[in-house]
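Undergrad: Here it is, the structure, as structure tokens.
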Amino acid sequence: MSDELSHYRAYGLTIQSDLSLPELHGVDSVRGSPDIVIRTGDVEALCASADDTVDLNTVRFDSVGAFAVVDGHKILYDLHSSDLRQYQYVRRIVYNKALPVALLQRGSVVLHASAVVIDGQAAIFLGSRSTGKSTTAAAFHLQGHSVLADDIVGIRPGDGAPTVLSGVPQLRLEPEVVAALDIDETATSNQSARSEKQYLNLTPVADTVPVGCFYLLAEGESVAIESLAGTEQFFQVVKRTFHDGFLSEDRMTPTGFQQCSTVIDASPVRYLRRPRRYEALPSVVKRVVRDLTAEETAAE
């Protein structure tokens with residue numbers, strides 16, 4: 001049985017859902033039609049009836065069910081059991097897989113990254129798996145900087161300056177990170193999430209923030225920021241674009257490449273080298289703040 005319809009806001013979009021999404025910013029109502037609707041339904045029937053004009057992407061999980069994203073407007077989920085609706089790992093599929101596909105279908109650039117706000121600009125942290133993107137974002141949060149998104153970063157290319165879309169207001173952290181950074185009791189473990197990671201709920205921030213700089217995380221003996229060549233900037237950003245089950249590796253279209261190029265042309269990509277030690281994180285925060293503030297001053 002479906003929950004009553006609830007309304008949320010994420011990635012600059014209004015969302016109407018019959019699946020409870022407590023991690024998102026709830027709103028009382030939506031003026032006009034919602035940007036995205038999330039409903040339970042028959043994914044197989046949808047696939048059978050869809051024609052070539054429909055932008056449709058699907059993914060199936062043996063232990064959970066099937067999900068479909070249609071035209072950047074509709075997310076359909078078909079769970080093996082209605083009991084699964086209560087579990088956090090089902091919502092994680094919506095947050096980390098279905099919504100990113102909807103953003104792509106709507107023309108956004110979607111990256112595996114984390115992003116924080118520094119003096120009205122977005123600092124975006126790129127890196128391979130387990131390079132510390134979420135940990136870095138947590139360090140900025142502890143220094144009073146708002147977190148825009150963790151793990152999935154949506155960017156709207158736009159005609160002017162590209163902007164980062166405010167995502168799911170939550171950090172997902174390893175228990176040792178929570179302990180090392182002395183994050184308080186608001187970080188709680190959810191035993192139904194099939195993960196040892198802990199979740200820190202955050203205050204939602206403004207819908208969009210201009211892109212300031214991309215920082216590619218790398219290990220180094222000391223904290224340092226280095227420039228990348230133009231072609232290397234493009235490669236490193238494209239390498240972090242979203243695929244994750246719904247999409248084939250060749251999903252990137254000429255339009256997608258052009259969108260990435262537009263974003264990179266407007267914003268620098270730099271290496272952020274630092275020791276992989278927790279005690280180095282305050283220095284990382286100071287160095288990035290200084291770099292991004294200097295970038296803004298130079299642009300004035």
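Per-residue answers, yes or no, for (1) more than 19 Å from Ala115 (Cα to Cα); (2) modelled with pLDDT of 95 or more; (3) assigned to a strand (DSSP E or B); (4) under 19 Å from the mean Cα position of the chain (by Cα):
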residue: Val178; (1), (2), (3), (4): no, no, no, no
residue: Leu200; (1), (2), (3), (4): no, no, yes, yes
residue: Ala206; (1), (2), (3), (4): no, no, no, yes
residue: Leu217; (1), (2), (3), (4): no, yes, yes, yes
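Undergrad: Do the conditions hold for His141, that is, is it assigned to a loop (DSSP other than H, G, I, E, B), at pLDDT 95 or above and touching a strand residue (DSSP E or B) at 6+ places or on another chain (Cβ under 6 Å)? Break it down into steps so the answer makes sense when it comes.
TA: On the way: assigned to a loop (DSSP other than H, G, I, E, B): no; at pLDDT 95 or above: yes; touching a strand residue (DSSP E or B) at 6+ places or on another chain (Cβ under 6 Å): yes.
Spelling it out, it is not the case that His141 is assigned to a loop (DSSP other than H, G, I, E, B), at pLDDT 95 or above and touching a strand residue (DSSP E or B) at 6+ places or on another chain (Cβ under 6 Å).
Undergrad: Tyr77: aromatic (Phe, Trp, Tyr), crowded, with 19+ Cβ neighbours inside 10 Å and farther than 19 Å from Gly154 by Cβ, yes or no? Don't jump to the end; show me each part of the working.
TA: Values: aromatic (Phe, Trp, Tyr): yes; crowded, with 19+ Cβ neighbours inside 10 Å: yes; farther than 19 Å from Gly154 by Cβ: yes.
Here the answer is yes, as Tyr77 does meet what is asked.
Undergrad: Has the stretch 183-198 got at least one residue that is modelled with pLDDT of 85 or more and part of a strand (DSSP E or B)?
TA: Yes, the stretch 183-198 contains at least one residue that is modelled with pLDDT of 85 or more and part of a strand (DSSP E or B).
Undergrad: Further question: Filter the stretch 12-57 for residues that are modelled with pLDDT under 95 and in contact with a helix residue (DSSP H, G or I) (Cβ under 6 Å, 6 or more places away or on another chain) and give the result.
TA: Listed by number, the residues that qualify are Asp55, Asn57.
Undergrad: Return a yes/no flag: does the stretch 226-233 have any residue that is at pLDDT 95 or above and out of contact with any Pro (no Cβ under 9 Å at 6 or more places or on another chain). Walk me through it before giving the result.
TA: Within the stretch 226-233, the subset at pLDDT 95 or above is 226.
Next, only the ones that are out of contact with any Pro (no Cβ under 9 Å at 6 or more places or on another chain) stay: 226.
Yes - at least one qualifying residue is present in the stretch 226-233.
Undergrad: Let me ask something else. With the stretch 1-101 as the region, which strands (runs of 3 or more DSSP E) entirely inside it contain at least 3 residues that are among the polar types (S, T, N, Q) and under 30 Å from Thr208 (Cβ atoms)?
TA: So the answer is 13-17.
Undergrad: Something else now. Quick one: in the stretch 66-101, which of the residues that are in contact with a Leu (Cβ under 8 Å, 6 or more places away or on another chain) and aliphatic (A, V, I, L, M) is nearest to Ala139 (Cα to Cα)?
TA: So, considering only residues that are in contact with a Leu (Cβ under 8 Å, 6 or more places away or on another chain) and aliphatic (A, V, I, L, M), the one nearest to Ala139 (Cα to Cα) is Val94.
Undergrad: Next up: Output the number of residues of the stretch 1-18 satisfying the condition of being touching a strand residue (DSSP E or B) at 6+ places or on another chain (Cβ under 6 Å), buried (at least 19 other Cβ atoms within 10 Å of the Cβ) and either within 15 Å of Leu76 (Cβ to Cβ) or of a type in the set (A, V, I, L, M, F, W, C) (or both).
TA: Count: 3.
Undergrad: Give just the number: which of (1) more than 15 Å from the chain's Cα centre (by Cα); (2) on the phi > 0 side of the Ramachandran plot; (3) buried (at least 20 other Cβ atoms within 10 Å of the Cβ) does Pro162 not satisfy?
TA: Condition (2) is where Pro162 drops out.
Undergrad: Looking only at the stretch 115-142, how many residues end up being under 17 Å from Ala180 (Cβ atoms) and touching a Phe, Trp or Tyr at 6+ places or on another chain (Cβ under 6 Å)?
TA: If we filter the stretch 115-142 for residues that are under 17 Å from Ala180 (Cβ atoms), which is where we start, we get 130-142.
After this cut, where a residue has to be touching a Phe, Trp or Tyr at 6+ places or on another chain (Cβ under 6 Å) as well, the list is 133, 136.
Within the stretch 115-142, residues that are under 17 Å from Ala180 (Cβ atoms) and touching a Phe, Trp or Tyr at 6+ places or on another chain (Cβ under 6 Å) number 2.
Undergrad: Next up: Tell me which residues, restricted to the stretch 118-132, are within 14 Å of the chain's Cα centre (by Cα) and at pLDDT 95 or above.
TA: Ala122, Ala123, Ile124, Phe125, Leu126
Undergrad: In this structure, is Ser130 outside the structural domain of Leu21 (by TED's automatic domain parsing), in a loop (DSSP other than H, G, I, E, B) and closer than 29 Å to Val285 by Cα?
TA: On the way: outside the structural domain of Leu21 (by TED's automatic domain parsing): yes; in a loop (DSSP other than H, G, I, E, B): yes; closer than 29 Å to Val285 by Cα: yes.
It is true that Ser130 is outside the structural domain of Leu21 (by TED's automatic domain parsing), in a loop (DSSP other than H, G, I, E, B) and closer than 29 Å to Val285 by Cα.
Undergrad: Can you pull out every residue in the stretch 134-145 that is touching a residue at least 12 places away in the same chain (Cβ under 8 Å) and over 13 Å from Leu200 (Cα atoms)?
TA: So the first thing to find is which residues in the stretch 134-145 are touching a residue at least 12 places away in the same chain (Cβ under 8 Å), and the list is 134-143, 145.
Matches in the stretch 134-145: Thr136, Phe140, Gln143, His145.
The values are calculated or read from the model by the stated rules, or taken from the named source; none is laboratory data. In this text, all values refer to a predicted model and were calculated from it rather than measured experimentally. Every residue, glycine among them, receives a Cβ derived from its backbone with ideal geometry; neighbour counts consider all protein chains shown.
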